[in-house]
Amino acid sequence: MARRHDPARRQRIVDAAIRVVGRKGIAGLSHRSVAAEADVPLGSTTYHFATLEELMVAALRQTNEGFARVLAERLPEDGSGDLATQLARALGEWLGGERTGVELEYELYLAALRRPALRPVAAEWTERAAEGLARRTDPVTARALLALMDGICLQVLLTGGSYDEEYARAVLARVIP
């Protein structure tokens with residue numbers, strides 16, 4: 001029997017893992033659950049990702065792109081505009097979209113606390129985001145802004161509250177020199 005070439009299979013597996021974590025959380029992630037979700041043989045998941053950590057790394061990398069894309073779209077290359085307003089608007093867009101995606105990103109991000117394999121991916125995202133913000137301010141302020149934005153997002157997600165863009169803009173402005 002000829003082997004079927006399926007170059008998109010790896011991506012389908014990552015997408016399926018993201019959907020599984022979105023519905024069931026990290027605890028529901030297994031090679032079997034992902035294979036069923038992706039409609040691929042179980043062996044395909046273990047062929048592409050020998051461990052669940054490898055699969056979570058790929059999923060975290062992909063989910064990290066969501067907020068990075070929002071930031072890139074909201075922060076003009078020329079550095080024009082009010083940074084606090086732009087960041088508050090970006091947070092609003094991120095939190096105002098599909099909440100499941102935001103929750104998923106934070107669940108994978110926070111999984112790095114217990115899963116060392118995820119830590120480098122979380123650190124990569126933080127470094128890239130800090131570098132991008134440091135073009136508009138200094139490196140220390142960039143990191144403080146990221147910490148504050150993470151805090152605002154976590155408060156909204158954990159309390160089930162609504163996002164207050166004006167509040168976010170005001171507190172972000174206090175951090176920006």
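The values are calculated or read from the model by the stated rules, or taken from the named source; none is laboratory data. All figures in this text were calculated on a predicted structure; none of them were measured in a lab. Note that we place each Cβ from the backbone using ideal geometry, even for glycine, and neighbour counts take in every protein chain shown. Quick note on the areas: whole protein, heavy atoms, side chains included, nothing else; ligands and nucleic acids left out. Shrake-Rupley method; radii C 1.70, N 1.55, O 1.52, S 1.80 Å.
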Pair list, Cβ under 7 Å, 6 or more apart: the range 30-41 residue touching a residue at least 12 places away in the same chain (Cβ under 8 Å) and of a type in the set (Phe, Trp, Tyr), other residue surrounded by fewer than 16 Cβ atoms within 10 Å (Cβ to Cβ) and part of a helix (DSSP H, G or I): none
Cβ pairs under 7 Å, 6+ apart, first in the range 104-118 and exposed (fewer than 15 other Cβ atoms within 10 Å of the Cβ), second acidic (Asp, Glu): none
Regarding GLU166, is this residue of a type in the set (Asp, Glu) and open to solvent by 80 Å² or more (accessible area, probe 1.4 Å)? yes
From the option list THR137, THR159, single residue qualifying as free of Cβ contacts under 8 Å to residues at least 24 places away in the same chain and more than 16 Å from the chain's Cα centre (by Cα) is THR159
Candidate set: the range 135-150, residues that are open to solvent by less than 30 Å² (accessible area, probe 1.4 Å) and in a helix (DSSP H, G or I); chosen: the one farthest from THR63 (Cα to Cα): THR141
